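K.L.:
Below is a structure I'd like to ask you about.
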Amino acid sequence: LMRNLTSVLRRALGRTFYPVLQQPIGFGSAFEGWTASEEEVTYRVLVPLTAPIGHIFHLERDSDQQVAGRNFRVHVSLECRCPSEEEGANILCFLHHPDVIRAVTGQPILLDTLCTGSYLDVKKTVHWFRILVRASWRRLPQSRSWNLVLLPSKRSCNFRLTNSQESFQVRVVFGVQRQHSDIFVTGRSRGAHIPSTMWPESYGVAETKFFRHMASQVPQDSSHLKCLQLFAGVLAHVDLPIHVIKTIVMHLLNTVPVAQWHARYFLLQLSDAMEQLHSSLEKKHLEHFTVGNQRLPEDIRVPSDVQRARPPNVFHSLVQDAAAHSHAVQAY
């Protein structure tokens, strides 16, 4: 579905200066082989964006310490395309003659549309994409058998697809790739007050790739996904993000010998995961899985600064909020 949609949109946008939509990448539990609950399945999809012709994307690390995590802004600049003497004088320069570009092409440049100042704006990008989806849906073959309903969301494009037999949600986030790696800066939210020009660093694609890597390493009847799903179900009443539980299991997958994930050791691995969570809650400390991890499989590509960074504490908020920590321990 998403491949068909992005293909249709790329053709429609071919003569414009909007971001170029790359092949969508599925990530998250639905693409890793487990679900966090019995509720409606949500498929999370990342659509990478690259700069249109005449434009350059430059990622700038955000210095605002009020927002947790590693955050970036996507600076958009115009490219100098002034011709050399050998090339002649028929090439229009975006940097020095943007008004001529607008007049000749009849199209606004990206700085006119989806940017706030010189920075790519998440909310404007999502609004633009929602309009494109609504206008293009009937061109897709899936529209003959599925009904699409766009859902409210500001930093991702969410929609529900239903037919006579089933229903599921799709959550599309946009991102810019870091250094040809599996790490992206994306529009996903990190709280209600995050600026619309802030793009948090995301590790979802790398994590899904890690699960696919482990699927090729563990025994055929491995219990790791069953362990993760049951672990999440047992702790559904605890007010902890599902990603905390996933982080615990990923650390175990990365350290426990793969043979010990055989189905016969299922209860042992579930017990280890529960004990690891209890210990982490007591200490108010759980290391991020991707950032600073020196033991990632070689086929998972991360920028050097991510690999060398000090692993953030996933339980940072519990260190600052004694009441939240007490509640989490009691609920466990």
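The values are calculated or read from the model by the stated rules, or taken from the named source; none is laboratory data. As the structure is a prediction and not an experimental result, all values here were calculated from the model. As a convention, Cβ positions derive from the backbone with ideal geometry for all residues, glycine included, and neighbour counts pool all protein chains shown. We work out accessible area using only protein heavy atoms, side chains counted, and drop any ligands, DNA or RNA first. Shrake-Rupley method; radii C 1.70, N 1.55, O 1.52, S 1.80 Å.
K.L.:
Using a 1.4 Å probe and ignoring any ligands, DNA or RNA, find the accessible area of PHE266 and quote it in Å² to the nearest 10.
P.N.:
20
K.L.:
If each residue of separation counts as 0.36 nm, what is the full-extension length gain between GLU60 and ARG102 once their alpha-carbon separation is subtracted?
P.N.:
Numbers: separation 42, 0.36 × 42 = 15.12 nm, distance 2.73 nm.
Extending this stretch completely gives an extra 12.4 nm.
K.L.:
Next question. With a 1.4 Å probe and every protein chain left in place, work out the accessible area per residue of the range 241-295 in Å², rounded to a whole number.
P.N.:
48
K.L.:
Multiplying the sequence separation of ARG295 and THR116 by 0.36 nm and subtracting their Cα-Cα distance, what value in nm do you get?
P.N.:
Details: separation 179, 0.36 × 179 = 64.44 nm, distance 3.91 nm.
Stretched fully, the ARG295-THR116 segment lengthens by 60.5 nm.
K.L.:
Give me the mean projected area, in nm² to one decimal, of the convex hull enclosing the Cα positions of the range 218-331.
P.N.:
Working: hull surface 30.4 nm².
Computed as one quarter of the Cα hull surface, the answer is 7.6 nm².
K.L.:
Also, quick follow-up: Could you work out which residue, out of HIS213, HIS96, HIS193, moves most in a Gaussian network model of the chain, that is, has the largest mean-square fluctuation with Cα springs under 10 Å?
P.N.:
The residue with the greatest mean-square fluctuation here is HIS193.
K.L.:
In nm, to one decimal, how far is the HIS213 label point from the SER7 one, both placed 7 Å along Cα→Cβ?
P.N.:
Once both label points are built, they end up 3.1 nm from each other.
K.L.:
Can you tell me the FRET efficiency between LEU150 and ALA263 if r is taken as the Cβ-Cβ distance and R0 is 41 Å, rounded to the nearest 0.05?
P.N.:
0.45
K.L.:
Can you sort GLU207, GLU298, GLU166 by solvent-accessible area, 1.4 Å probe, largest first?
P.N.:
GLU298, GLU166, GLU207
K.L.:
Apply the Kirkwood formula to the chain: the hydrodynamic radius equals the inverse of the mean of 1/r over all pairs of different alpha-carbon atoms; give it in Å with one decimal.
P.N.:
This gives a value of 22.2 Å.
K.L.:
Moving on to the next point. With every protein chain left in place and a probe of 1.4 Å, what is the accessible surface of LYS283, to the nearest 10 Å²?
P.N.:
The value for LYS283 is about 140 Å².
K.L.:
What is the distance in Å between the Cα centres of the range 134-188 and the range 219-258?
P.N.:
Rounded to whole Å, the Cα centres lie 27 Å apart.
K.L.:
What ranking of TRP261, TRP146 comes out by heavy-atom accessible area, probe 1.4 Å, highest first?
P.N.:
Ranked list, largest accessible area first: TRP146, TRP261.
K.L.:
So what is the 222 nm mean residue ellipticity for the chain from helices alone, if each DSSP H run of at least 4 adds -39500 (n - 2.57) and you divide by all residues, rounding to the nearest 500 deg cm²/dmol?
P.N.:
Value at 222 nm, helices only: -10500 deg cm²/dmol.
K.L.:
If ligands, DNA and RNA are left out, what is the accessible area of TYR265 with a 1.4 Å probe, given in Å² to the nearest 10?
P.N.:
80
K.L.:
At ASP221 and ILE131, where each label point lies 7 Å from the Cα along Cα→Cβ, what is the point-to-point distance in nanometres?
P.N.:
5.7
K.L.:
Suppose each label sits 7 Å from its Cα in the direction of the beta carbon; what would the HIS75-GLU40 distance come out to in nanometres?
P.N.:
Reported label-point gap for HIS75 and GLU40 is 4.2 nm.
K.L.:
A further question on this structure: Please express the shape of the range 109-262 as an equivalent ellipsoid: the semi-axes are the square roots of 5 times the eigenvalues of the C-alpha gyration tensor, given largest first in whole angstrom.
P.N.:
34, 22, 16
K.L.:
Which percent of the accessible heavy-atom area of the chain goes to carbon and sulfur, probe 1.4 angstrom?
P.N.:
50
K.L.:
Further, regarding this structure: Between ASN163 and LEU140, 0.36 nm times their residue separation minus their Cα-Cα distance comes to what?
P.N.:
6.8 nm
K.L.:
Right, here's the next one. Got a sec? What order do LEU225, LEU230 fall in by accessible area at 1.4 Å, biggest, i.e. largest, first?
P.N.:
LEU230, LEU225
K.L.:
What FRET efficiency would be calculated for the residue pair HIS180, ALA322, taking the C-beta separation as r and a Förster radius of 45 Å, to the nearest 0.05?
P.N.:
Calculated transfer efficiency: 0.55.
K.L.:
Which residue, VAL302, VAL122, VAL258, has the most motion in a Gaussian network model of the chain that connects Cα atoms within less than 10 Å?
P.N.:
It is VAL258.
K.L.:
Percent antiparallel among DSSP beta bridges with both residues in the range 1-203, to the nearest 5?
P.N.:
Of the beta bridges lying entirely in the range 1-203, close to 80 percent run antiparallel.
K.L.:
Counting only heavy atoms of the protein chains, get the accessible area per residue of the range 1-135 (1.4 Å probe) and round it to a whole Å² value.
P.N.:
That works out to 54 Å² per residue.
K.L.:
If we count every other residue with Cβ under 11 angstrom of LEU21's Cβ, Lys/Arg +1 and Asp/Glu -1, where does the sum land?
P.N.:
Here the charged neighbours net out to +3.
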